[in-house]
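Just below is one structure, and these are the notes that go with it.
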Amino acid sequence: MNGIRHRIETGFEAFGHTVYRHHWKVLLLMLALIVGLVSQAKHLTMDTSTEGFLHEEDPILLDYNAFREQFGRDEVVLLAIDGEEVFSLPFLERLRALHIELRDTVPHLDDITSLINARSTVGAEGALIVGELLEEMPTSDEELAAIKARALANPVYRDLLISADGTITSIVLRTNAYSSVGQEVDVMAGFDDAQEGPRPFLSDAENSELVAAVRDIVGRHQGEGFNIRLAGSPVVGDTLKRSMQSNMKRFMLMALAAISLVLFLLFRRLSGVILPMLTVALSVASTLGLMGLVGIPFKLPTQIMPSFLLAVGVGASVHLLTIFFRRLQQLHDKDEQVESSGHKETAIAYALGHSGLAIAMTSLTTAAGLASFAGAEVAPVSDLGLIAAAGVLLALVYTLVLLPALLSIVPIKAKKSQGSQAIRERTDALLSAIADFSTRRANVVLGLSAVVLAVGLAGALQVKFSHKPFEWFAEEHPVRQATDFIDSRLKGASSVEVVVKTAEVNGLYEPRIMQALSDLGPKVEAIDHGELFVGKSLSLADILKESNRALNENRPEFYAIPDNRELIAQELLLFENSGSDDMEDFVDSQFTTARFTARMPWVDGILYEDFIDELEALFRAELGDGVEVSSTGMATLLGRTMGATIYSMAQSYVIAALVITLMMVLLIGSVRVGLVSMIPNLTPIILTLGLMGWFGMPLDLFTMLIGSIAIGLAVDDTIHFMHNYRRYHAISGDVAFAVRETLLSSGRAMLVTTVVLSLGFFLYLFADLSNVVNFGLLTGFTIIMALLADFFLAPALMALMHRKHLLADEGDY
């Protein structure tokens with residue numbers, strides 16, 4: 001192994017000479033690569049939809065797409081409005097004005113429902129007339145009282161368009177299922193012209209356009225006595241996207257500024273700031289361009305990728321530049337008569353020969369760990385595995401090729417100042433003290449580490465899976481307040497859809513099936529598990545009962561399902577021919593498939609899976625044989641996403657641990673040392689999970705991905721430590737000497753990168769989204785724990801193994 005490793009290091013050194021001597025050619029090649037990739041960033045798209053968490057071929061998503069094709073989009077924008085008196089003429093006039101402006105100006109709107117156009121079904125001489133509740137505005141107190149009584153008595157309105165106490169009303173906006181992109185066609189074109197390929201569903205940008213229009217209109221109508229609260233999954237998703245974009249952009253700039261400041265304090269020269277920041281900025285931009293090139297959209301979880309690449313890129317650059325500047329100064333001090341250009345070429349080659357292999361291995365292990373996520377069942381996790389791994393490899397190329405080429409052309413001189421010399425001396429003294437303590441007091445270090453790990457494990461066992469995005473907002477945020485308000489006063493801002501499919505055409509005319517759908521309404525509404533309950537149900541049975549009552553002189557006892565198949569068919573036909581299009585929202589044209597909507601509060605996504613199993617079991621028991629039952633909608637997607645996430649992350653972390661362990665063994669050249677070196681790698685992850693458990697931070701679809709950063713950063717520091725430790729121990733056979741020299745060389749860079757990166761991530765503590773705050777805190781904590789593990793735990797382990805003669809054989813290296 002020594003011979004192979006020596007040849008690789010010699011090859012890196014020779015490569016450094018080649019880059020220096022042909023730097024303009026190298027820069028032109030790198031420029032072509034960068035321009036080619038960055039130019040594709042214009043194709044980058046955003047996708048913050050719930051369905052975006054699943055792969056296109058996922059059976060649950062395919063069912064949801066089929067549902068949208070048949071019944072339209074189930075996601076709705078909800079406006080809850082309250083005032084002094086809902087059923088007063090001034091309030092209703094304001095409600096009408098708001099309704100009309102929303103109906104006429106909001107883009108991508110499929111349907112709007114409020115008290116203004118709420119369905120009012122009446123019978124007249126054997127005919128069924130379906131009109132609007134407020135087709136004509138009332139003109140007297142008596143008419144207002146009559147309308148109020150009708151509205152409160154209608155079970156379809158209750159907890160949907162009007163609260164049970166009559167003090168709150170709502171407007172429900174249903175968006176288009178399909179995108180309007182490419183639909184501006186010739187109005188004279190034939191109706192039968194087939195569209196090439198499937199129509200795309202409503203895009204993220206179109207959803208944002210719709211929400212922005214609604215916000216603008218609401219702002220104009222908001223006022224005293226007419227308080228409007230805006231909620232619904234399209235609003236939550238858009239608000240999250242805008243808040244996260246704003247937070248991540250603002251704090252990314254702050255992190256870059258903080259990192260630049262620390263780099264300047266470290267190197268005391270502009271080149272020590274500009275070159276690494278330029279290298280990492282180009283690697284991030286190129287990765288974003290690669291995403292645009294291959295068509296991978298930006299999703300909520302993948303927004304951590306720029307921060308992750310910042311950590312990897314800056315860390316690698318700092319390691320290379322630390323060795324380069326140190327060697328350049330040594331050469332200058334040794335022989336000030338030699339031209340600085342000669343010193344620079346030698347320093348570049350030396351830095352690549354000394355750290356090139358370690359930098360390459362850290363990048364390869366990080367990329368391998370990330371690539372293990374590529375097979376995840378959750379689409380953003382899979383995307384992160386693929387694109388972040390590619391980004392790490394791009395950052396590696398830019399660090400080993402672009403950075404040395406830039407060093408070759410930028411005027412750089414050896415520079416020693418009293419201030420930097422004093423800092424260097426104090427840093428060296430600290431690192432030497434750490435090396436002595438961790439090797440001479442190895443038992444103490446290992447004992448304390450065991451106690452800390454035990455506390456971490458105890459906390460990790462308390463971590464709970466969770467996914468409740470709107471709770472990422474502060475309690476006083478308007479969207480969270482609106483969602484909580486609607487959940488409590490209108491019994492739910494979310495829904496689950498149950499699809500019932502009969503075995504034959506017109507199978508829904510069967511009285512047994514229609515009666516079962518009717519009976520399921522109160523049974524489903526009786527489900528109450530505390531936080532999770534059903535507040536409202538809607539189905540074809542409600543339309544049928546409403547029609548049957550209207551055709552029987554509006555007598556309350558006829559709000560029921562007829563027991564005659566022909567009568568059911570006739571009444572549904574009368575409703576269908578009445579001019580209302582409401583029926584198509586609940587049943588297909590052949591009356592084989594029906595939709596049952598159960599409205600509920602927004603709850604933790606982890607609760608949905610068991611609830612949906614219970615709901616489907618209830619439907620199957622009530623409907624009996626010959627009827628297919630399946631669930632879909634936002635709640636089902638969230639339930640599926642959480643289940644898939646838990647499985648995928650466990651699988652991916654196991655794969656990552658195995659792959660990284662194998663690569664560590666190959667790098668070190670010893671199975672035993674390779675396995676032992678994984679202890680400092682896993683320690684930061686355990687401690688981070690422990691912190692989450694003790695402080696009640698949930699493991700959700702966002703914080704789960706911090707593990708990929710933890711693995712990458714922990715392995716990076718360990719590789720740099722073990723790579724140099726192996727070199728110095730092979731020379732001296734002395735553990736204390738090897739650890740001291742390792743920390744005095746690579747340890748300085750490890751310390752600087754930890755300070756730089758943890759500071760950059762801790763800035764996220766000032767964000768206004770709790771998931772971003774948790775991301776910054778946990779990532780910064782992980783980075784610090786990774787450094788401490790490699791400064792104390794790794795040397796102590798090496799000292800223990802040496803005392804037991806496990807490293808006596810040179811073949812171990």
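The values are calculated or read from the model by the stated rules, or taken from the named source; none is laboratory data. All figures in this text were calculated on a predicted structure; none of them were measured in a lab. No Cβ is skipped: glycine too gets one built from the backbone with ideal geometry, and neighbour counts run over all protein chains shown. Heads up: the accessible areas ignore ligands, DNA and RNA and are worked out on the full protein's heavy atoms, side chains in. Shrake-Rupley method; radii C 1.70, N 1.55, O 1.52, S 1.80 Å.
What is the pair-distance distribution P(r) of the range 301-380, computed from all Cα-Cα distances in 5 Å bins starting at 0, with each bin given as a whole percent?
For the range 301-380, the pair-distance distribution reads 3, 13, 18, 16, 13, 10, 8, 7, 5, 3, 2, 1, 0.
Report the one residue of TYR398, VAL500, VAL76 whose Cα lies farthest in the direction of the positive end of the charge dipole of the chain (charges on C-beta: Lys and Arg +1, Asp and Glu -1; origin at the Cα centre).
TYR398
Using only the alpha carbons, work out the radius of gyration and Dmax of the range 426-585 in angstrom.
Looking at the range 426-585, its Cα Rg and Dmax stand at 31.0, 95 Å.
For LYS491, LYS523, what's the largest-to-smallest order of accessible area, 1.4 Å probe?
In descending accessible area the options line up as LYS523, LYS491.
Ignoring everything except DSSP H segments at least 4 long, calculate the 222 nm mean residue ellipticity for the chain; use -39,500 (n - 2.57) per segment, divide by total residues, nearest 500.
Value at 222 nm, helices only, nearest 500: -20500 deg cm²/dmol.
At a 1.4 Å probe radius, carbon and sulfur cover how many percent of the accessible area of the range 275-404?
62
Dipole magnitude of the chain about its Cα centre, charges +1 at Lys/Arg Cβ and -1 at Asp/Glu Cβ only, in debye to the nearest 20?
Computed charge dipole of the chain: roughly 6060 debye.
If we restrict to alpha carbons, what Rg and Dmax does the range 212-257 come to, in Å?
Cα-based Rg and Dmax for the range 212-257 come out at 15.0, 47 Å.
Around ASN247, what is the net charge, scoring Lys/Arg as +1 and Asp/Glu as -1 over all other residues with Cβ under 12 Å from its Cβ?
So the environment of ASN247 carries a net charge of +3.
Which entries of LYS468/LYS501; LYS464/LYS523; LYS523/LYS545; LYS299/LYS491 have Cα-Cα distances beyond 23 Å here?
From LYS468/LYS501; LYS464/LYS523; LYS523/LYS545; LYS299/LYS491, over 23 Å: LYS468/LYS501; LYS464/LYS523; LYS299/LYS491.
Where in the chain are the DSSP H helices whose alpha-carbon span along the long axis reaches 20 Å or more and whose Kyte-Doolittle mean is at least 0.0?
23-38, 233-267, 271-294, 305-334, 340-371, 379-397, 442-460, 634-668, 671-694, 706-732, 748-762, 770-788
If we restrict to alpha carbons, what Rg and Dmax does the range 23-141 come to, in Å?
26.1, 92
Around LEU667, under 11 Å between beta carbons, what's the net of Lys plus Arg minus Asp minus Glu among the other residues?
Residues close to LEU667 contribute a combined charge of +2.
Ignoring ligands and nucleic acids, what accessible area does ARG215 show with a 1.4 Å probe (Å², nearest 10)?
Around 80 Å² of this residue is reachable by solvent.
Please compute, for the alpha-carbon atoms of the range 739-809, the extent along each of the three principal axes and give them in descending order in Å.
Principal extents (Cα only, largest first): 55, 22, 14 Å.
Give the Cα extents of the range 632-766 along the principal axes, in whole Å, largest first.
66, 37, 21
If amide hydrogens are placed 1.01 Å from N in the peptide plane, which non-local residues have theirs closer than 5 Å to the one on GLY492?
Long-range HN contacts for GLY492: ASP487.
Using only the heavy atoms of the protein chains and a 1.4 Å probe, how would THR718, THR113 rank by accessible area, largest first?
Result, largest first: THR113, THR718.
Given the options LEU230, LEU28, GLN515, identify the residue whose Cα lies farthest towards the positive end of the charge dipole of the chain (+1 on Cβ of Lys, Arg; -1 on Cβ of Asp, Glu).
LEU28
Taking all protein chains together and a probe of 1.4 Å, list GLU125, GLU584 from the most accessible to the least accessible.
Ranked list, largest accessible area first: GLU125, GLU584.
For the range 280-323, take N as its residue count and report Rg(C-alpha) divided by 2.2 N^0.38 Å.
Dividing the Cα Rg of the range 280-323 by 2.2 N^0.38 Å gives 1.32.
Whose amide H sits under 5 Å from the amide H of GLY633, counting only residues 5 or more places off or on another chain, with H placed in the peptide plane?
GLU497
For the range 570-689, just list the percent of Cα-Cα distances falling in each 5 Å bin from zero outward, please.
Percent of pairs per bin, in order: 2, 8, 12, 12, 10, 10, 8, 7, 6, 6, 5, 5, 4, 2, 1, 1, 0.
Return the ratio Rg/(2.2 N^0.38 Å) for the range 227-351, where Rg is computed over Cα atoms only.
That ratio works out to 1.52.
Within the set of other residues whose C-beta is less than 10 Å from the C-beta of ILE543, count the net charge using Lys and Arg as +1 and Asp and Glu as -1.
-4
For the range 1-104, with only Lys/Arg (+1) and Asp/Glu (-1) charged at the beta-carbon, what is the dipole magnitude about the Cα centre, in debye rounded to 20?
1220
Regarding the chain, what are the three Cα extents along the principal axes, ordered largest first, in Å?
111, 53, 51
Accessible surface of LYS148 in the full protein assembly, 1.4 angstrom probe, to the nearest 10 Å²?
Probe radius 1.4 Å; accessible area of LYS148 about 70 Å².
For PHE591, what accessible surface area do you get with a 1.4 Å probe? Give it in Å², rounded to 10.
10
Which one, ILE486, GLY530, THR48, projects farthest toward the positive side of the charge dipole computed for the chain from Cβ point charges (K/R +1, D/E -1)?
Working it through, the farthest residue towards the positive pole turns out to be THR48.
Just how large is the dipole of the range 205-294 about the Cα centre, in debye to the nearest 20, putting +1 at every Lys and Arg Cβ and -1 at every Asp and Glu Cβ?
The dipole of the range 205-294 has a size of about 420 debye.
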